[in-house]
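Structure, as structure tokens:
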Amino acid sequence: MDGAHLRTPVRSRRPMKGSRNNLMTRENDKSTLITPDSPTFAALGARPETVAALAEVGITRAFAIQEYAIPIALRGADLIGQAPTGTGKTLGFGVPLLQRVVSPDEGADGTPQALVVVPTRELGLQVAKDLATAGATRGVRVLPIYGGVGYEPQVAALRQGVEILVGTPGRLLDLARQKHLRLRQIQALVLDEADRMLDLGFLEDVERILSMLPTERQTMLFSATMPEPIVALARRFLRSPVTVHASHPGEGGEHAPLTRQVAYRTHALNKVEMVARILQARGRGLTMIFSRTKRGVDKVAGELDFRGFSCAAVHGDLGQAARERALRAFRNGKVDVLVATDVAARGLDVAGVTHVINYDCPEDPDAYTHRIGRTGRAGATGIAVTFVDWEDLARWRLIDKSLGLDLAEPPETYHTSPWLYTDLDIPADATGELPVAQRSRAGLAAEAEEDLGGRSPGGRRRGQRGERGGSRREAGRPRGDRRRRRRLTGDSGGAGPDSGAPGPAVAGAASTADSATTDPTGPTVTDAAAGQPSTNPASTNPASANPAGGAPGAGAPAGAPADRARKPRRRRRRGGQAVRDAAAAS
């Protein structure tokens, strides 16, 4: 990669007073803390308004990656920040973005000036919140753009004007195609969590977005890892980028020293029983439980709710309003257990999370790192528990070897194992249900769900299609009859029995029916066409006994051209005639 390369290890530091509310502790799961000797944002060249806004929330000094990334980005150079979660990337690119944009009081016309592309909705909301807080003094407008909600509120906000956009690729492309989003005045672009975008299959969408932007712009790319597609993307769209690499003490040292990590080999049928005991540990605060599948999340949440625990679920099948409702209830303490897929493993900053439980073994070291990063933040301690099933042992050993956990052989553990209670400080009398006296949380029902304008499954669009289909069926012939008409209408011009037209096929059928019997008092005969007793008055008329008196062509030779066109129908009439003759003889 072209450009200078700065590599700085991130040391473990004591948190300074007030750092617990630091916005950048959103990613501070590896004790990437600051000390009084860290540089201030003012010393790094940030605007006085930005420094004042950060000081109001207790942020005065920078993290290591901010210390090196901010001065480079302020010069307008393209930047690659390779840093795992916990190194404080948001303000690393947020301060330079705020430096470049013009606020409404400074003459901004409301056209977006900076764009941050993120892989998930939750990360986008968190980044937008942090940038809005840092730009509050100047009144910089930051708008999160993401799917799962209605277009109308986002389109209305774009019309009112915005300086910084934070969005997911899909919704950004949708609004751009609909001409609601103009990207030709973007001065700075940030690709946050680029490796995650690659995992989710957003790389082509990102390239489309990049093609819509001006060529003269500043581009910053932040990623935990640098796979080959990300490297190719950087070579294509970045100009002589400077690379800043921040590492954790875990790279050659202790991994996540503020988080105590334990692993147990468990049976799938006993996991819920173990979780129920862990949730009764002494000193437990908020807890996050990660499952591999959406169905697994729903199952675990249902089991825990049945056992008396206040829990909520978050996964991709839920609507955006339901997901935000669950996260609000979790942040506000109305529920103390959040069961989620990896969608909540990045970009989720909730204070007071003391326990993380990997209900299913993570897929890779990065997933493990981001999951347990939800606890042990801002100098606080945490506990991460991982359940390893027998079929997950090979995967877990790779994770253990990669991260140096020294937990390659987890002990086989059940809810009756005594070391489970001693390791996690669980009362010996804990059972599989939460005692009624301890059920003090308000629960998810106490949190109202906001109407974000999204479409629910089977919602407006499907309803519109159903209404249109219903109106057609009410106004015209039923769909089955239309198909029958198409089948019975051929090149010979004969109309089907439902058409009501006196075509040749109908005339032939009538003449055959008229010749069914010659006895007006004889027994009722069977109609050949419908297999029902005939009620045709012509069948009792003696004058119609002669088949020659029927319609022209009824008694014509088989080689006649008209008969050749009606040959399949003649076969059916002959069979019906034989049945009628047998009935008349009886």
Using θ = phi - 60° and Karplus 6.51 cos²θ - 1.76 cosθ + 1.60, couplings along the stretch 47-55 (whole Hz; Gly, Pro as x): 5, x, 5, 5, 4, 5, 5, 5, 5
What ³J(HN,Hα) values, in whole Hz, does the Karplus curve 6.51 cos²θ - 1.76 cosθ + 1.60 give for the stretch 163-172 when θ = phi - 60°, with x put for Gly and Pro? 9, 10, 9, 10, x, 8, x, x, 5, 4
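Given 10 °C and 1.306 mPa s, compute D for the stretch 294-443 with the Stokes-Einstein relation, Rh being the Kirkwood radius over Cα pairs; round to the nearest whole µm²/s. Don't jump to the answer; show the numbers that get you there.
Numbers: Rh = 16.8 Å.
Using the Kirkwood radius from Cα pairs, D works out to 95 µm²/s.
Could you list 421, 359 in order of exposure, starting from the residue whose Cβ has the fewest other Cβ atoms within 10 Å? Show your work: numbers first, answer last.
On the way: 421 19, 359 22.
Ascending Cβ contact count within 10 Å gives the list 421, 359.
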Viscosity 0.890 mPa s, 25 °C: Kirkwood-radius Stokes-Einstein D of the stretch 61-160 over Cα pairs, µm²/s: 166 µm²/s
Rounded if a/c is under 1.5, else prolate if a/b is larger than b/c, else oblate: which is the stretch 216-326, with a ≥ b ≥ c the root eigenvalues of its Cα gyration tensor? prolate
Listed by chain and number, the residues whose amide H is under 5 Å from that of residue 389, excluding neighbours fewer than 5 places away on the same chain and using placed H, are 266, 361
Can you give me the long-range amide H partners of residue 384? Hydrogens built in the peptide plane at 1.01 Å from N, cutoff under 5 Å, separation of 5 or more residues or another chain. 260, 261, 262, 356
Taking Cα pairs under 8 Å and at least six residues apart, what relative contact order does the stretch 9-247 come out at, in percent? 25 percent
For the stretch 366-371, Karplus couplings with θ = phi - 60° (6.51, -1.76, 1.60), whole Hz, Gly/Pro x: 5, 4, 5, 4, 6, 5
Would you pull out the residues with amide H under 5 Å of residue 336's amide H, same chain only if 5 or more places away, H placed 1.01 Å from N? 310
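Bear in mind that the values in this text are calculations on the coordinates, not laboratory data. The model shown is predicted, which means the values in this text are computed figures rather than measured ones. Glycine also receives a Cβ, built like all others from the backbone with ideal geometry; neighbour counts cover every protein chain displayed.
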